[in-house]
Amino acid sequence: MTPASRDALRTPLEAATLARVAWLVGMRWAFVAGLVLCAVAGRMLLPDLPVLPFLLLALLTGAYNTLAHFLNSRVAALPEERKQALVHALIQGQIIADWLVLLAVVHYSGGIESPLLQVFVFHVVLSAVFLRPRFTVFALLFITVALNLLFAAEATGLLQPVVLRGLSNPERQHSWLHILHFSLWHALTLAVMALLLGAVMRGLRRREAEALRMRHRLEQANRDILRISEERVRLMRTMGHELRSPIAAAQSMLSALELSQGPALPEAVRGIHQRISQRLLGLTALISELLELAEQRGSAAGQAVLRRVDLPPMLEALLADQMDRAREAGLALVGDWDGQAAHLAGADPLRLQRVCENLVSNAIKYSRPGGTVSVSLAAVEWDGAPWVEIRVRDEGIGIAPDQLPRLFTEFYRTPQSRRHTTQGTGLGLAITRELVESMGGTLGVESVLDKGSTFILRLPRLS
Ligand code: ADP
């Protein structure tokens, strides 16, 4: 593994360790305050408590804590590779200094009888959780050996034991049996705790590393997918271009034939000519829609640019554009909105226009002469949120219930629509739904066969 990839795989837990120095410094200030409090308040309860050593230890701790704070700010400015090792050294140095101070505090608060002995438990827990396993083993050995040396020195009179009347027992401070019993239990408790915690932390770190590796693999796969999808769009574009050229050539040859020979062509040939012309138009539409779909699904499509869109003017322009087509098909095309507020939608104007065009154009295409196509607009509450609802309703051929679920699938065309018209690719609705979803909207349909269909488009409403 290269250093760079090792660095990239640094687990969040390790990264958190780097932030621990500042936390340690903060905790130590609390410890300094605790020492001063012990000295002052403890004296009231325990008249033998030596105040001066406590105050001196508080002063000493405050001094190296200030130094640690200063070094911490210096280390934070270093480049990442050097920071890692230095931060660990800084934490370990501080922790060892803490142990020495604690040893002194234990001594001045009653030695083996000191109630403060348990503080070492927190230190072993901290080491097991945040530091490397090697350092935890070192912590265990250091604390056990140092405490035993302290107790031995007190028992042999090398160090004058501090007897706090009411708290420590001078007999037990000099009893080797008591020292042995206590030391064994203390060391065993610390060791078992460190072992258990160490095992838990190792499992956690392994899982974290695994999760990170998975994340890297997923990111790589994602990049590959994007690259393949761009490749596909590029291929589709080239294909589209290559296909369009011969179609355009064929169309212009047909037009030339029509112009030069039009009236002279026999009726049957003219019919074939017309059918070829229509097929070529259909093919051009299919290529355009296929390209549109590929572009839309490719990474190059980009995010929808959502803006405030005032719907009535947009729909009015759309109806005006489609009016001729509707008239040619013998249909009435009407808009139905009341001009009240709540017609502002959060949408991408170009995408929304494409969506509405598609729905209105389908409604015209799949209607019979004499029918009406209407576009309505309303403010609705749905799922506890405000929406604008656009309904495009027709009285056309309708859709059978069993065909509704497949309607938005690419290339799907209902049997009725195939009978009704040969024009159609089955791609428009797939494109439309994806456009709607890219804007955070929804598209649904209600329909009764032979009676008509209503396409319901919902977009987030703005106030
Ligand atoms: P097409 O180019 O075939 O119209 P669309 O994707 O726009 O493609 O529509 C897919 C199919 O859904 C259509 O072929 C038709 O079968 C059905 N459809 C769409 N709109 C309507 C409608 N307003 N009334 C009835 N059927 C419809």
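The values are calculated or read from the model by the stated rules, or taken from the named source; none is laboratory data. What you see is a predicted model, and the numbers here were worked out from it, not measured in a lab. Quick reminder, even Gly has a Cβ in these numbers, built from the backbone with ideal geometry, and neighbours come from all protein chains shown. Surface areas here come from the heavy atoms of the whole protein model, side chains and all, with no ligands, DNA or RNA. Shrake-Rupley method; radii C 1.70, N 1.55, O 1.52, S 1.80 Å.
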Completion exercise
When region 352-367 is checked residue by residue, the ones that are within 14 Å of E289 (Cα to Cα) and under 30 Å from the mean Cα position of the chain (by Cα) are V355
Practice task
Of the numbered conditions (1) within 8 Å of the ligand (Cβ to nearest atom); (2) surrounded by 15 or more Cβ atoms within 10 Å (Cβ to Cβ), V360 fails exactly one; give the number of that condition.
Solution key: (1)
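Quick one: how many residues across region 143-169 are exposed (fewer than 13 other Cβ atoms within 10 Å of the Cβ) and either in contact with a Leu (Cβ under 8 Å, 6 or more places away or on another chain) or touching a residue at least 60 places away in the same chain (Cβ under 8 Å) (or both)? Steps first, answer last, please.
First pass over region 143-169, keeping only residues exposed (fewer than 13 other Cβ atoms within 10 Å of the Cβ): 145, 156-158, 160, 165-166.
Next, from what is left, pick out any that are either in contact with a Leu (Cβ under 8 Å, 6 or more places away or on another chain) or touching a residue at least 60 places away in the same chain (Cβ under 8 Å) (or both): 165-166.
Within region 143-169, residues that are exposed (fewer than 13 other Cβ atoms within 10 Å of the Cβ) and either in contact with a Leu (Cβ under 8 Å, 6 or more places away or on another chain) or touching a residue at least 60 places away in the same chain (Cβ under 8 Å) (or both) number 2.
Considering only residues of region 312-326 that are open to solvent by 50 Å² or more (accessible area, probe 1.4 Å) and of a type outside the set (A, V, I, L, M, F, W, C), which is farthest from the ligand (Cβ to nearest atom)? Walk me through it before giving the result.
Step one: filter region 312-326 for residues open to solvent by 50 Å² or more (accessible area, probe 1.4 Å), giving 313, 316-317, 320-321, 323-325.
Okay, now just the ones that are also of a type outside the set (A, V, I, L, M, F, W, C), so 313, 316, 321, 324-325.
Details: P313: 24, E316: 21, D321: 17, D324: 19, R325: 14 Å.
By that ranking, first place goes to P313.
Table: residues versus (1) within 22 Å of L350 (Cα to Cα); (2) aromatic (F, W, Y); (3) surrounded by 15 or more Cβ atoms within 10 Å (Cβ to Cβ); (4) in contact with a Lys or Arg (Cβ under 7 Å, 6 or more places away or on another chain).
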| position | (1), (2), (3), (4) |
| --- | --- |
| G398 | no, no, yes, yes |
| P405 | no, no, no, no |
| S417 | no, no, yes, no |
| H420 | no, no, yes, no |
| G426 | yes, no, yes, yes |
| R433 | yes, no, yes, no |
| S438 | yes, no, yes, yes |
| E446 | no, no, no, no |
| D450 | no, no, no, no |
Practice task
Return only the number of the condition from (1) open to solvent by 10 Å² or more (accessible area, probe 1.4 Å); (2) over 26 Å from T425 (Cα atoms) that A345 does not satisfy.
Solution key: (1)
Practice task
Return yes when R279 is outside any helix (DSSP H, G or I), open to solvent by 40 Å² or more (accessible area, probe 1.4 Å) and not hydroxyl-bearing (S, T, Y) and no when it is not.
Solution key: no
Completion exercise
Contact list, first residue from region 246-265 and in contact (Cβ under 8 Å) with a residue 40 or more places away in the chain, second anywhere and among the hydrophobic types (A, V, I, L, M, F, W, C) and open to solvent by less than 40 Å² (accessible area, probe 1.4 Å), beta-carbon distance below 7 Å, six or more apart or interchain, is I247/L280
Problem - Selection status of V373, part of a strand (DSSP E or B) and open to solvent by less than 20 Å² (accessible area, probe 1.4 Å) - result: yes
Practice task
Filter region 376-394 for residues that are near the ligand (Cβ under 10 Å from one of its atoms) and open to solvent by 20 Å² or more (accessible area, probe 1.4 Å) and give the result.
Solution key: R393
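Using the structure shown, decide if S260 is in a helix (DSSP H, G or I) and open to solvent by less than 70 Å² (accessible area, probe 1.4 Å).
On the way: in a helix (DSSP H, G or I): yes; open to solvent by less than 70 Å² (accessible area, probe 1.4 Å): no.
Criteria not met by S260.
Between R223, R213, R205, which is in contact with a helix residue (DSSP H, G or I) (Cβ under 7 Å, 6 or more places away or on another chain) and part of a helix (DSSP H, G or I)?
Details: R223 fails: in contact with a helix residue (DSSP H, G or I) (Cβ under 7 Å, 6 or more places away or on another chain); R213 fails: in contact with a helix residue (DSSP H, G or I) (Cβ under 7 Å, 6 or more places away or on another chain).
The conditions single out R205.
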Exercise for the section: Return the residue satisfying two criteria in turn: it lies in region 35-61 and is modelled with pLDDT of 90 or more and not hydrophobic (A, V, I, L, M, F, W, C), and of such residues it is surrounded by the fewest Cβ atoms within 10 Å (Cβ to Cβ). Expected result: P53
Handout entry: Count of region 327-342 residues which are modelled with pLDDT under 95 and surrounded by 14 or more Cβ atoms within 10 Å (Cβ to Cβ)
Key = 3
Fill in the blank from the handout: Note on region 406-445: residues away from the ligand (no atom under 12 Å from the Cβ) and without any contact (Cβ under 8 Å) to a residue 40 or more places away in the chain are E437, T442, G444
Problem - Residue match in region 182-202 (condition: open to solvent by 50 Å² or more (accessible area, probe 1.4 Å), modelled with pLDDT under 90, part of a helix (DSSP H, G or I) and more than 30 Å from V145 (Cβ to Cβ)) - result: no
Practice task
Tell me, please, whether a residue that is surrounded by 14 or more Cβ atoms within 10 Å (Cβ to Cβ), at pLDDT 90 or above and within 35 Å of the chain's Cα centre (by Cα) can be found in region 298-311.
Solution key: yes
